[in-house]
Amino acid sequence: MDTPYSDQLTNPVVSRAVREYRKVVNSIVKKHGKFHKIHIELAREIGKTFEERKKIETEQANNHKLNNEAMIFCQEIGLNPYSNQNILKIKLWREQQEICMYSGKKISINDILSNLVEIDHILPYSRSFDDSMSNKVLVFAKFNQEKKNQTPYEAFSDKDFWNDIVLRAKSLNNSSKFKKLTTANFVNKKDGSDFIQRNLNDTRYISRLVVNYTRDYLNFLDFDDGKKEHLLCVNGSLTSMLRHYWGFGDKDRNGHIHHFVDAAILSACSPSVIKAFSDFKKTEEINNAKYYADKISGLRIKSKFDPFINFRSIVLDAAKNIFVSKPPRKKVTGALHQETIISKDDILKEQKYGSELGLNRALNLGKIRQINYGYVDNAEMPRVDIFADRKNGKFYGVPIYTMDFALGILPNKACVKGKDNQGNIKDWLEMDENYEFKFSLFKDDLIRIQKSGMSEAVVCYYNSFNVSSCSISVEKHNADAKDLSDNEKLLYPSSKNKRKKDDLDDASPATYEAIQPSLGIQSLLKFEKLIVSPLGEISEFKFEPRADVRLKTSKKTNNV
């Protein structure tokens, strides 16, 4: 992207996000024409360094573990283990060592079962719009209703037990939560205008970059009323809360459809909707006890700021017809080989390739690489080239590793599984004139496949190629195993799918991903490559000659 913004795209995550954003916007304009307005929400981790993203991943993994433990405990004591509210109560209960953060009284399991305790926003949500775990505590309902929409300091600093609250906050070993529990100078928002402005004009770097780039290069349609603001960038924490209050629940990360739901929620984030939501939250906290006494239904509450009638059902119905589009991962980057250097003696001792003859064969085939006096395994396999036997139609795969790209040498032997009678790996098959090149596959290329027993071919995404078994791993377009057809179940058997939760409910298909980890390609009845547009439109792949392998730094060489 050669523009004045090029120097700002040094972060690979940011660069990829902007690149894909451009593709989608340009595709929409090409198909539907120009439009008036864009609402933008970007993931909170975009723009962070590799170390920051790894830290986020570690925290997410730990949170997933705590969630599973809380789910199991909920089931043991008779609570619905799939209620997000119940899971959060148990997590806070354990974090607080079973003590009410405000009163200091012990919270028993019976108190939880009897709904005598509530989750409280330490800094009132109507004033902070902070829905993070660090802004929540589990307390007895009496103290929560007494606190109303005040901070703990405002509500309890003049009480005899205030110092005890401070000590309990310190014992949590959570600096963020301690600060919120004890802050004495929290700024009260006089109205929702500051919140609206803050959430409609997120000023983070990546948001500014996308907004400015769009403003400079995209021509919008004029508004009839003369309005000039065509771009609104909405904070992710707001859409997360609206997702909950509009009845969409937590994101179902078994698949990718939650991105569509997020986009629908984002499109409804007008200033009037946000103002109504802000007013509702403020009223809810001030009149907490009244809401509980009147038992106002959740549906009636949410309807106060619904963007239009039947918003939720319309969005969910539309989601059923979404085809998830993914861009193929064609960029060749990363290490050329694994870091661990293995001695010749150790390799022969393991007999991974058989005798010395098998080791030399593996070396010649590129299954393993030699560095000085040691050996290393290959790193990534960015591409696999698919051939078909001209006589019987069987499919074969030629693996191409990052090292092959670096050397600039195009491999031409298809993998053959198993070992010979001497225990050495078999020699691979030369793709000569008896074999026809069909296509190359990169991760997330769209394919159409049919194996024996299936009534018709199925469209899915290619994930990876396994050299040892000559098989591919594939994934359903939305990765969701719910509502699989009988034909799809032959491709995605539940026993082989990756579990998303612990074995709490074996009968629930929502706990599975629609992934086939190992599908032998030689026995496939149909194996075709497809093209998918950024808008999810599928078309047939037009044959392309086999491409060479070269990095920018590779020397030109003849194919072998």
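Of note:
- Residue check for residue 531: of a type in the set (Val, Ile, Thr), closer than 16 Å to residue 449 by Cβ, at pLDDT 95 or above and surrounded by 12 or more Cβ atoms within 10 Å (Cβ to Cβ): yes
- Counted residues, the stretch 309-365 - those being touching a Pro at 6+ places or on another chain (Cβ under 6 Å) and not β-branched (Val, Ile, Thr): 1
- With respect to the conditions (1) modelled with pLDDT of 90 or more; (2) touching a strand residue (DSSP E or B) at 6+ places or on another chain (Cβ under 8 Å); (3) of a type outside the set (Ser, Thr, Tyr); (4) over 30 Å from residue 325 (Cβ atoms), residue 25 lacks only one, and its number is (4).
Residue-wise test of (1) at pLDDT 90 or above; (2) exposed (fewer than 15 other Cβ atoms within 10 Å of the Cβ); (3) touching a strand residue (DSSP E or B) at 6+ places or on another chain (Cβ under 9 Å).
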| site | (1), (2), (3) |
| --- | --- |
| 89 | yes, no, yes |
| 117 | yes, no, yes |
| 125 | no, no, no |
| 145 | no, no, yes |
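- Just one of (1) in contact with an Asp or Glu (Cβ under 7 Å, 6 or more places away or on another chain); (2) in the same structural domain as residue 429 (by TED's automatic domain parsing); (3) surrounded by 14 or more Cβ atoms within 10 Å (Cβ to Cβ) fails for residue 326. It is (2).
- Top-ranked residue in the stretch 516-528 [being assigned to a loop (DSSP other than H, G, I, E, B) and not hydroxyl-bearing (Ser, Thr, Tyr); ranked as surrounded by the most Cβ atoms within 10 Å (Cβ to Cβ)]: 521
- So residue 322, is it touching a helix residue (DSSP H, G or I) at 6+ places or on another chain (Cβ under 9 Å) and not in a helix (DSSP H, G or I): yes
- Residue within the stretch 45-54 that is surrounded by 12 or more Cβ atoms within 10 Å (Cβ to Cβ) and either at pLDDT 90 or above or under 30 Å from residue 184 (Cα atoms) (or both) present: no
- Of all residues in the stretch 472-494, those that are of a type in the set (Phe, Trp, Tyr) have Cβ atoms under 6 Å from Cβ atoms of residues that are not in a loop (DSSP other than H, G, I, E, B), 6 or more apart or on another chain, in 492/514; 492/516.
- Matching residues in the stretch 418-441 - criterion: being in contact with a Gly (Cβ under 9 Å, 6 or more places away or on another chain) and under 25 Å from residue 380 (Cβ atoms): 425, 426, 441
- Meeting the requirement of 3 or more residues that are more than 30 Å from residue 76 (Cβ to Cβ), the helices (runs of 4 or more DSSP H) wholly within the stretch 109-160 are 125-128, 152-156.
- A residue that is part of a helix (DSSP H, G or I), surrounded by fewer than 21 Cβ atoms within 10 Å (Cβ to Cβ) and outside the structural domain of residue 447 (by TED's automatic domain parsing) occurs somewhere in the stretch 365-374.
- Of everything in the stretch 415-453 that is small (Gly, Ala, Ser) and in contact (Cβ under 8 Å) with a residue 40 or more places away in the chain, the residue that is surrounded by the most Cβ atoms within 10 Å (Cβ to Cβ) is 440.
- Subset of the stretch 361-397 that is polar (S, T, N, Q) and in contact with a helix residue (DSSP H, G or I) (Cβ under 8 Å, 6 or more places away or on another chain) - its residue that is nearest to residue 522 (Cα to Cα): 378
- When residues of the stretch 161-180 are limited to those that are more than 14 Å from residue 97 (Cβ to Cβ), assigned to a helix (DSSP H, G or I) and hydrophobic (A, V, I, L, M, F, W, C), the one farthest from the chain's Cα centre (by Cα): 162
The values are calculated or read from the model by the stated rules, or taken from the named source; none is laboratory data. This one's a predicted model, so the numbers in the text were calculated from it and none came from an experiment. Backbone-built Cβ (ideal geometry, glycine too); neighbour counts: all protein chains shown.
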